[in-house]
Amino acid sequence: MAGFSRVVFNVALPQSAFDLFFNSEHGYRGAYFQSPHSGLAANEACVRHLAPALLSWAQTHEPSVDPVFAKESLYSPTAKIWLTEFESHLCAKCTGQWENPHNDQPEIINGRWERTNSPAGNRGRKAPYLTKLRVFGAFLNERHDEFTPARKRFRAQDLHANGWS
């Protein structure tokens, strides 16, 4: 949407930590499996835990980033964490890793996601084993009004039902 922007951070971590965070029963998507509310609470807790370190890093390494805007973007309700999608090439330093699955073989068997016929296809039944996450701030305009893209309005419910949004 014209006039809106957000901060985006790439976070590197070991594959084993990524797997525990993203794929485990008690991890990020595991919270969304429990309920949309549990997923939103886990997302908010993770973003708020990471925000001070991310803001400090930006102040040192990206001084052109407005610290007030960055903080507001990270602490807004639609800030989120997700894996680094290869097709979402945001800058030279932040090449994504995840690509659409090449087969339908379920890697997560939880009684729901492997049976979905969602628009997300078979993505939710996969267990990516990567080394990068993205922390997305909310889209804000110059007055700090928040914008949610229509296709992400029901992200928590989509993740709960399908493992993907």
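Every number here is computed from the coordinates shown, using simple stated rules; none is lab data. Just so it is clear, the model here is predicted, and its values are computed rather than measured. Don't worry about glycine lacking a Cβ; one is built from the backbone with ideal geometry, like all the others, and counts go over all protein chains shown.
Look at the Cα gyration tensor of the range 78-165: its axes a ≥ b ≥ c give a/c of at least 1.5 with a/b at or below b/c, and that counts as oblate. Tell me whether the chain comes out rounded, prolate or oblate; compute the Cα gyration tensor, take square roots of the eigenvalues as a ≥ b ≥ c, and use a/c under 1.5 as the rounded threshold. In terms of gyration-tensor shape, prolate. Of all aspartates and glutamates in the structure, the ones whose alpha carbon falls short of 18 Å from that of K152, not counting any fewer than 8 places away in one chain, are E44, E85, E87. Cβ crowding within 10 Å, taken as a proxy for footprinting-reagent exposure, orders H160, H102 from fewest neighbours to most as H102, H160. Length available on full extension from T148 to T95: 0.36 nm per residue minus the Cα-Cα distance, which gives 16.7 nm.
Based on C-alpha pairs under 8 angstrom that are at least 6 apart in sequence, the range 8-162 has a relative contact order of 34 percent.
For the chain, adding -39500 (n - 2.57) for each run of n ≥ 4 DSSP H residues and dividing by the number of residues yields -11000 deg cm²/dmol at 222 nm. Taking 0.36 nm per residue of separation and subtracting the current Cα-Cα distance, fully stretching the chain between A2 and A53 would add 15.5 nm.
In terms of the Cα gyration tensor, with a ≥ b ≥ c the square roots of its eigenvalues, is the range 111-158 rounded because a/c is under 1.5, prolate because a/b exceeds b/c, or oblate? Oblate, because a/c is 1.5 or more while a/b does not exceed b/c.
Given their separation in residues at 0.36 nm each and the Cα-Cα distance between them, S35 and N117 gain 27.6 nm when the chain is fully extended.
Of all aspartates and glutamates in the structure, those lying under 13 Å Cα to Cα from K126, and not within fewer than 8 positions of it along the same chain, are D19, E99, D104, E107, E114.
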